[in-house]
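The values are calculated or read from the model by the stated rules, or taken from the named source; none is laboratory data. Quantities reported herein were computed from a predicted structural model and do not represent experimental measurements. Backbone-built Cβ (ideal geometry, glycine too); neighbour counts: all protein chains shown. The protein model used for the area step is the full one, side chains on, heavy atoms only, and it has no ligands, DNA or RNA in it. Shrake-Rupley method; radii C 1.70, N 1.55, O 1.52, S 1.80 Å.
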Amino acid sequence: MKILAIESSCDETAAAVIEDGRIIRSSVIDSQVEEHKLYGGVVPEIASRRHAENICAVVQKALEDAQETFQSIDAIAVTYAPGLIGALLVGLNYAKGVALASGKPLIPVHHIRGHIAANYLTHPDLKPPFLCLVVSGGHSHIIKVNDYTKFEILGRTRDDAAGEAFDKAARVLGFTYPGGIFIDKAAQQGVRGQYKLPKPRVNGAELDFSFSGLKTAVINISHHAQQKGEELNVNNLAADFQGTVADILTDHLMRAAEQSHSDKIVVAGGVSANSGLRSALEKACAQRGYQLYMPKLSLCGDNAAMIGSQAYYEYLAGARADLSLNGVASMPVDQAFADLQI
Ligand code: KG4
Ligand code: ZN
C-alpha cells in the first residue's frame, strides 16, 4: 500500500511516499528554520505562510521522486495534531483537497505517534510491544506502546520539554535557535564536572520529568559569571547540562522499564539525535541486556516519512477521516481518533 504523507505541524513543510509502512519511496523536507532563527524561535504566523507557499512544490517533488502520481497512490495521510494550529491547517486542508479530488482515503496521524514510527523505518524487525522515550521540542514522555495504535503514558514532563530545555539553555550560552544541536557539539568539546546542576524530581511521580529548574540553574551560572567578570567555560557547561539531561532521561526510562517489565527500549523525537543521550542509553541498556532501538539521525527531527509509516498502521486499525477533519493544537498520544469530538 502506497501512502502519500504530509506534515506541517511546526516549521518543516514535508511530504513523503511510504510503502507498507516500512519502505521510504521518497521524503522531502523544506525547513523554515533559517527564517525563524532571526526571531529566536518559531513565529506561528510566518510558519503558516511559508507552509502555504511551499506545500504544492514539496508534495509534487515527493511524488516525482517516488515516480508516483495522485492517481497511483492508495491513500493520503496527514498530521492533524498536535502542533501550531495555523501550520497544521495548511497541510490538513491540502490533504483534504487531494482526498476530495482523488477519492482516496484520508488517514489522520498524531505527530508524536509519527515520531515513534520513525523507528519502524529504521528497524524493519521492530514491532510493538515496547517502551518508548519520546523527547522532542514540545514533548517529553515515557510511553508504553502496547500495539501500533495502543499507547499508555507512564511518565511526562511537568514543565519544559527536553528539547525546549536544550533550546533555552542554548540561548543563554549564545547559540541560535534551535540550539539543541549546538549544545551537543559544544558538549563534545567539553568535560563534565565543573558546574553543579540539579537533578529535579517530581514528588510522588518518579517517572515524571521537570526540566525548568535545570534551565534556571544554567541561567544563574551564566549571570553569576557575568557579574563576577569570570569567563564561562561554554563547552564544560554544555557538557554538564547535556550529561545531566541524559542522566535524568535514562534513569527514568530504566525505572519505567523495570516497573513495566519491558526489555525492548525505543527512543524518538528531535532530542533522540543527541549524542550524549544516545550513548547514555546504549550503556544503560547494554548493562541490563535490553534491546535498544534509535531512529537514524535523518529521521529524528520532523519529517513526513514517519507520518506515512504510522498512517499505514492507523489505516489497518480502521482510522479514516472525512472532510470535516480539523486540526487540534494539543492532544494526548493515547487519544484514539475515533473518540475525538471535532
Ligand atoms: O521532534 P522535533 O524535530 O520537533 C518537535 O516535534 O518538537 O524536535 C525539535 C527539538 C528542538 O528542541 C531541537 O533543539 C532538538 O529537538 N534537537 C536536539 C538535537 N537535535 C535536535 N537536542 C539535543 N541534541 C541534538 N543533537
Ligand atoms: Zn516533532
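Below is a table of values for the structure above.
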read-out: Of all accessible heavy-atom area on the stretch 70-164, the percent that carbon and sulfur account for (1.4 Å); value: 53 percent
read-out: Whole-Å semi-axes of the ellipsoid equivalent to the stretch 149-253 (Cα gyration tensor, √5λ, descending); value: 26, 14, 12
read-out: Whole-percent carbon and sulfur share, accessible surface of the stretch 209-342, 1.4 Å; value: 46 percent
read-out: Separation of the residue 146 and residue 53 label points, Cα + 7 Å toward Cβ, nm; value: 4.6 nm
read-out: Euclidean distance of C-alpha centroids, the stretch 79-158 and the stretch 212-228, integer Å; value: 36 Å
read-out: Segment residue 335-residue 45, length gained on full extension (0.36 nm per residue, minus Cα span); value: 101.6 nm
read-out: Net +/- balance of residues flanking residue 175 in space, Cβ distance below 13 Å, scoring K and R +1, D and E -1; value: +2
read-out: Computed P(r) (all Cα pairs; the stretch 78-122; 10 Å bins; percent); value: 27, 44, 28, 1
read-out: Pairwise FRET efficiency - residue 185 versus residue 316, Cβ, R0 = 41 Å, nearest 0.05; value: 0.50
read-out: Peptide ranges 302-315, 200-213, 96-109 listed from the most packed, as the mean C-beta count within 10 angstrom indicates; value: 302-315, 96-109, 200-213
read-out: Computed log₁₀ I(q)/I(0) - Debye formula, equal Cα scatterers, no solvent, the stretch 1-119, q 0.19 Å⁻¹; value: -0.97
read-out: Radius 12 Å from Cβ of residue 118, net charge of other residues (Lys, Arg +1; Asp, Glu -1); value: +1
read-out: Theoretical ellipticity at 222 nm over the chain - DSSP helices of four or more residues, -39500 (n - 2.57) apiece, nearest 500; value: -14000 deg cm²/dmol
read-out: Cα convex hull of the stretch 124-299, projected area averaged across orientations, nm²; value: 10.4 nm²
read-out: Extended-chain gain in nm, criterion 0.36 nm per residue less alpha-carbon gap, residue 201 and residue 251; value: 16.9 nm
read-out: Rounded accessible area per residue of the chain, 1.4 Å, Å²; value: 42 Å²
read-out: Set 37/61; 104/144; 127/283; 96/127 screened for pairs whose C-alpha atoms are more than 24 Å apart; value: 37/61; 104/144; 96/127
read-out: Spacing of the two label points (7 Å from each Cα toward its C-beta) at residue 158 and residue 298, in nm; value: 4.1 nm
read-out: Cβ-based net charge around residue 300, under 13 Å, with every Lys or Arg adding one and every Asp or Glu removing one; value: -1
read-out: For the chain, alpha-carbon Rg relative to the globular expectation (2.2 N^0.38 Å, N residues); value: 0.99
read-out: Under-16-angstrom lysine pairs by C-alpha in the stretch 155-233, whenever the two are 8 or more apart or on separate chains; value: 4
read-out: Length added when fully stretched, residue 23-residue 233, from 0.36 nm per residue minus Cα-Cα; value: 71.1 nm
